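Written below as structure tokens is the structure these notes are about.
The values are calculated or read from the model by the stated rules, or taken from the named source; none is laboratory data. Keep in mind the model is a prediction, meaning the values are calculated, not measured. Glycine also receives a Cβ, built like all others from the backbone with ideal geometry; neighbour counts cover every protein chain displayed. Heavy atoms of the whole protein, side chains included, go into the accessibility calculation; ligands, DNA and RNA do not. Shrake-Rupley method; radii C 1.70, N 1.55, O 1.52, S 1.80 Å.
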Amino acid sequence: MEKRFYVTTPIYYVNAEPHIGHAYTTIVADVLNRFHRLMGYETYFLTGTDEHGDKIVQAAEAAGTDPKSYADRISALFRETWPKLNISHDDFIRTTEPRHVQVVQRILQKVYDNGDIYFDTYRGRYCVGCERFITDRELVDGKCPDHDTEPVEREEANYFFRMSAYQQWLIDHIEENPDFIRPERYKNEVLAFLRDPLEDLCISRPRERLSWGIPLPFDDRFVTYVWFDALINYVSALGYPDGALYEKFWPVAQHLIAKDILKPHGIYWPTMLKAAGIPPYRHLNVHGYWKINEGKMSKSRGTVVRPLDLAPLYGLDAFRYFLLREMVFGLDANFSEDALVQRLNADLANDLGNLFSRTLAMTGRYFGGQVPPFGDTEEPEDAALQSELERTVGIYREEIPQLAFHKALMAVWDVINAANKYIDRAAPWDLAKDPARRGRLQSVIRTLLEVNKTVAVLIAPFMPETAEKMLGRLGIKRTALDVRLDRDAAWGGLTEGTPVEKGEALFPRVDAKKPQASGERPVPPKAAAAKVAKAQELSAPAESPEQGALIGIEEFQRLDLRVAVVKTAERVPKSKKLVKLLVDMGETRQVVAGIGEHYAPEDLVGKTVVVVANLKPARLMGVESHGMILAAHHAEGLRLITTDAPAAPGSTVS
Ligand code: MSP
């Protein structure tokens, strides 16, 4: 079989900023991409943003801007987030790009020419959240269960895709390819849905009602319905119909989604492909939902967890590890910082961190910091550890393609724990006392170094920075993306005499007593953040920051500084200093600023300012403030910090 692998994430709507749900799917795609590279596959990884439709128009209106500027801004937020999470995507597609629009029109024309798109009038209930008409059977207490809103009655003349014609074909395809949709529960859900007659799919909107979409090539009074537009990204990004990438990576495609968009991916997309004469994708991989405090993430309850708040605080690799270890792919999981801290301390600082530092410390102490040759005495426990490692590699190779990431990681941790026990039993410190047992000591340390090396290779898809660090210290200088299992994990592969370097702890422990409950407070309080920073040795060790000591870039990066535009300003009653501002920073926020003696409120309106966005909310003279405006202290008073040319509200400042 060709060793080719193509993975996609959903293209995210640009009506919300990246949160932990988006981060999870994208990190899973990244792990799969890196894993397949590790196994010697040629890979391609696509993500992007979904930018047309009612939802985006509404969000843009609420933000007081036009859909294009709005989409540009939020799409950029996604694009900027992924490198910070070490995402190794090859392409980032936007549905507003001409390369995408052309392919959508081409496929529409093809399906229309084949007679599978027709014009008709439809009356039904439409859910704006889902961007589709929904059937009575899907309603719960008259409401859309995903959006908790009542769908609105709509009647419209529109174009329809003859999806019903492909119902039997789809049922047969799913039954003949039992892992087409996986895990099984989602396959069953799709099959259950297909037991009833499939309705044709409305694929257009009249332009007078929605102009923010792709015009139908055969009737430009209409634009495409969002799903017909969005799903096509998976082939438009490859240059369908004739691009070299398309030739290479279709149809080995694997789509990753959460259960919310199972129906469009499990039913619309394969039937659309069939009608367009394109072979179906290989797998649809469906995961569950991250919940916060056992509930849905919600903006109004303040339980939206933003990946860029957490990753710098606990370390990116710890964050990635936690997500992949904690969620059983396919099931829902609960997110809590408490659990993250526990895993960081137990699995990373204790088990892995200790194994690595003990091994390197002993290599330093007993062999001058150089990889020793295997000695002449091999004990059964050496072979036992080696075979435990082989077993782990076997499980790992089997489980990751099945998306059982937690099982693969558990197997890696089994070998880490076995190696820690092996140290205790072999007691190298005793062997070192007896020159006659030098050969045995060599074998023990070399065995441990080999185990650490293979562990580093195995964790590379999950924790690329840590893997690179570990391999580098073992004398293997490779970027995580260039690590290959066969070449780099082979037993005995380390070179005798290579200097190794102990370095600092891989994962310093974090104070577990005071985790930052992201549930109620998405942004960790400053004091707790400082505490973690200390635990992670990020702050200068000798002096405290209050004394003007230098800080690391990581500390600075904890500040979320944003460009904002003042929309309204009024004095806080009975205060000379305080002014209450409403600022637009992508979202509208209320901030109280102590600038009343230096600026008249009316002079502030329309000014571009810089806001510390992740400051704990405070009450100032009874008025809530959600951030702080930055100002320079000039001899004659305060001067607001602004930008020297226009910058979009919500832009980050660094
Ligand atoms: N634009 C569509 C997808 C079109 S794909 C051709 C869309 N966008 S979305 O922004 O709403 O993203 C939905 C996806 O985000 C989910 O399928 C999942 O990948 C991710 N998640 C959003 N919230 C999530 C959780 N709470 N938990 C896990 N993943 C979640 O739908």
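Per-residue ellipticity at 222 nm, computed for the chain from helices alone with -39500 (n - 2.57) per DSSP H run of at least four residues, works out to -11500 deg cm²/dmol. For the stretch 410-422, 3J(HN,Hα) computed residue by residue from phi via the Karplus equation (6.51, -1.76, 1.60; θ = phi - 60°) reads 4, 5, 5, 6, 4, 6, 5, 5, 5, 5, 5, 5, 4 Hz, glycine and proline entered as x.
About its Cα centre, the chain has a charge dipole of approximately 1440 debye under the convention of +1 per Lys or Arg Cβ and -1 per Asp or Glu Cβ, with nothing else charged. Evaluating 6.51 cos²θ - 1.76 cosθ + 1.60 at θ = phi - 60° for every residue in the stretch 474-489, the Karplus couplings come out as 8, x, 10, 8, 8, 6, 4, 6, 9, 6, 10, 4, 4, 6, 9, 10 Hz, glycine and proline recorded as x. Across the options Ser75, Thr26, Leu360, the greatest Cα extent toward the positive end of the charge dipole of the chain (unit charges at beta carbon of Lys, Arg, Asp, Glu) belongs to Leu360.
Database remark: amide H of Ile134 closer than 5 angstrom to the amide H of Arg125, Tyr126, Cys127 (H placed geometrically; neighbours at sequence offset of 5 or more, or on other chains; Pro and chain starts carry no H). Debye-formula intensities of the stretch 18-88, expressed as log10 I(q)/I(0) at q = 0.21 Å⁻¹, are -0.90 (one equal scatterer per alpha-carbon, no solvent).
Per atom type, the chain shows carbon and sulfur on 50% of its accessible surface, probed at 1.4 Å.
Distance from the Cα centroid of the stretch 424-458 to that of the stretch 287-337 is 39 Å (rounded to whole angstrom). Each of Arg325, Arg162, Arg221 has its accessible area taken with a 1.4 Å probe; listed largest first, they run Arg221, Arg162, Arg325. Taking amide H as placed 1.01 Å from N in the peptide plane, the amide H of Gln370 sits under 5 Å from that of Val500, each at least 5 places away or on another chain. When only Cα pairs below 8 angstrom with a gap of at least 6 residues are kept, the stretch 116-253 shows a relative contact order of 18 percent. Solvent exposure of the chain amounts to 43 Å² per residue of accessible area, where only protein heavy atoms count and the probe is 1.4 Å. For the chain, the Cys residues with no second cysteine's beta carbon closer than 4.7 Å are Cys202.
The rule of thumb for compact globular proteins, 2.2 N^0.38 Å, goes into the C-alpha radius of gyration of the chain 1.09 times.
Under a 5 Å amide H cut-off, with hydrogens placed 1.01 Å from N, Asn334 pairs with Lys291 among residues at least 5 apart or on other chains. Phi angles of the stretch 321-331 translate, via the Karplus equation with coefficients 6.51, -1.76, 1.60 and θ = phi - 60°, into HN-Hα couplings of 4, 4, 4, 6, 7, 7, 8, 7, 4, x, 9 Hz per residue; Gly and Pro are given as x. Here the chain carries DSSP beta bridges of which approximately 70% are antiparallel, counting only pairs with both residues inside.
For Trp169, the solvent-accessible surface with a 1.4 Å probe is about 60 Å², rounded to the nearest 10.
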